[in-house]
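Chemist: I'd like to ask you about the structure that follows.
Values in this text are rule-based calculations from the coordinates and carry no lab data. Keep in mind the model is a prediction, meaning the values are calculated, not measured. We place every Cβ from the backbone using ideal geometry, glycine too, and count neighbours over all the protein chains shown.
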Amino acid sequence: MDDIQGYFSLIEEHYSKLLAKEIIVAYDGDVTHQVMKAITSMVEEKLENEKEKEPVRRKLYHIMVECLQNVNRHAEAFYGDGKDHYPGRGALLVSQSEKYYIVFTANVIRTSHVNDLETFLKKINPLSGDKLNDLYKDKLMEGSLSSKGGAGLGFIDIRRKTSNEMEFSFVKKDEEISFFLFSVKITR
Amino acid sequence: MAALRIEPKDDTPLVVFNREEGHFEISGKSMPEDVVDYYTPVLEWLKHYKSDPLDKTVFDFKLVYFNTASSKLILDILMILEEISKKGKEVLVRWQSLETDEDMQEAGEEYAEMVDLKFDYLWFKK
């Protein structure tokens, strides 16, 4: 994982394990607000042209925005081996199979944050329906958004927009940084 | 008090607050780059309005999309409306969803559970 090629092979490796599919969009780079808007409207337009059902389109749009905002807010910088990963950088893949749309993201996070994030995702993953809704409301009522404006609401919302569990893994690079790989399936 | 009107953009909603006309509306898409920055004047106006509200405030939410970052600010707006209602003034929230967008209607129902306000649910067409 010493260079960008390594980064890509990691994505490829993870990606190849997913179902047979067609890639709608693949992006790696700075995930700014403008990039997020451009990618999400591009996918939205494509699906509209393909006459995908509106509720499915809406869910996919919703999930893409939250996934990209997670990368935008939480991707950490990492400087090593002359290949810099600046904050807000990440990769996104959106693909489709007969049954699903799949949104996949990868970005750098601090190794010290892995435990908390993993615990949180494992906690919300098996939840469904009312429990997720209650948790969402609790988080919302708790008020203060985190300094980065996340408050964990994004993941809870992603989880409750789909009946499928989220998939994720962490690949430790060193004591400082790890790669966070995340994917979610939206049933068509 | 002076009316507030914020024109919509591709990632921010239309906001119209007009005390004289009794028109209070937030409509469109809400996913601003900086939610706090965007909603600060909106909340400021409402806090000001709270000091001298109409006997009846009908507040329209007509959103087609809002991100989770915006959801907290929407709750903040509703909480100000709740304070107005607690002052003995009538407040009605008209939560309007695009037809077929059941998730949006459910979002409204969730908010209705979080604040003590009367909600009406309506559907609108594109």
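Chemist: Averaged across B:71-78, how many Cβ atoms of other chains sit within 10 Å of each residue's Cβ atom?
Modeler: Per-residue shielding by partner chains comes out at 3.
Chemist: Per residue of A:67-73, how many C-beta atoms from partner chains lie within 10 Å of its own C-beta, taken as a mean?
Modeler: 1
Chemist: Have a look at the protein assembly as shown and give its Rg and Dmax from the Cα atoms, expressed in angstrom.
Modeler: Cα-based Rg and Dmax for the protein assembly as shown come out at 20.7, 66 Å.
Chemist: Shielding of B:62-68 by partners, i.e. mean partner chain Cβ atoms within 10 Å per residue? Before the final figure, lay out the partial values.
Modeler: Working: counts 0, 0, 1, 4, 2, 8, 18.
Mean number of neighbouring Cβ atoms from other chains: 5.
Chemist: Same structure, new question: Under a 5 Å amide H to amide H cut-off, with H placed in plane at 1.01 Å, what residues pair with A:Gly88 once short-range neighbours are removed?
Modeler: A:Ala75, A:Glu76
Chemist: Would you pull out the residues with amide H under 5 Å of B:Arg94's amide H, same chain only if 5 or more places away, H placed 1.01 Å from N?
Modeler: B:Phe59, B:Asp60, B:Phe61, B:Asp120
Chemist: Could you run the Karplus curve 6.51 cos²θ - 1.76 cosθ + 1.60 with θ = phi - 60° over the range B:23-36 and give me ³J(HN,Hα) per residue in whole Hz, x for Gly and Pro?
Modeler: 10, 10, 8, 10, 9, x, 10, 10, 8, x, 4, 10, 4, 5
Chemist: With θ set to phi - 60° and the Karplus curve 6.51 cos²θ - 1.76 cosθ + 1.60, what are the ³J(HN,Hα) couplings of the range A:51-56 in order, to the nearest whole Hz, using x for Gly and Pro?
Modeler: Per-residue couplings from phi come out as 6, 5, 4, 4, x, 5 Hz.
Chemist: If you don't mind, another one. For A:Tyr100, which sequence-distant residues (separation of 5 or more, or a different chain) have an amide H within less than 5 Å of its own amide H, given hydrogens modelled in the peptide plane?
Modeler: A:Arg188
Chemist: What ratio of Cα Rg to 2.2 N^0.38 Å holds for the range B:4-124?
Modeler: Relative to the 2.2 N^0.38 Å estimate, the range B:4-124 comes out at 0.98.
Chemist: Karplus couplings for the range A:62-72 from phi (6.51 cos²θ - 1.76 cosθ + 1.60, θ = phi - 60°), rounded to Hz, Gly and Pro as x?
Modeler: With the stated coefficients, the range A:62-72 comes to 4, 5, 4, 4, 5, 4, 5, 5, 4, 5, 3 Hz.
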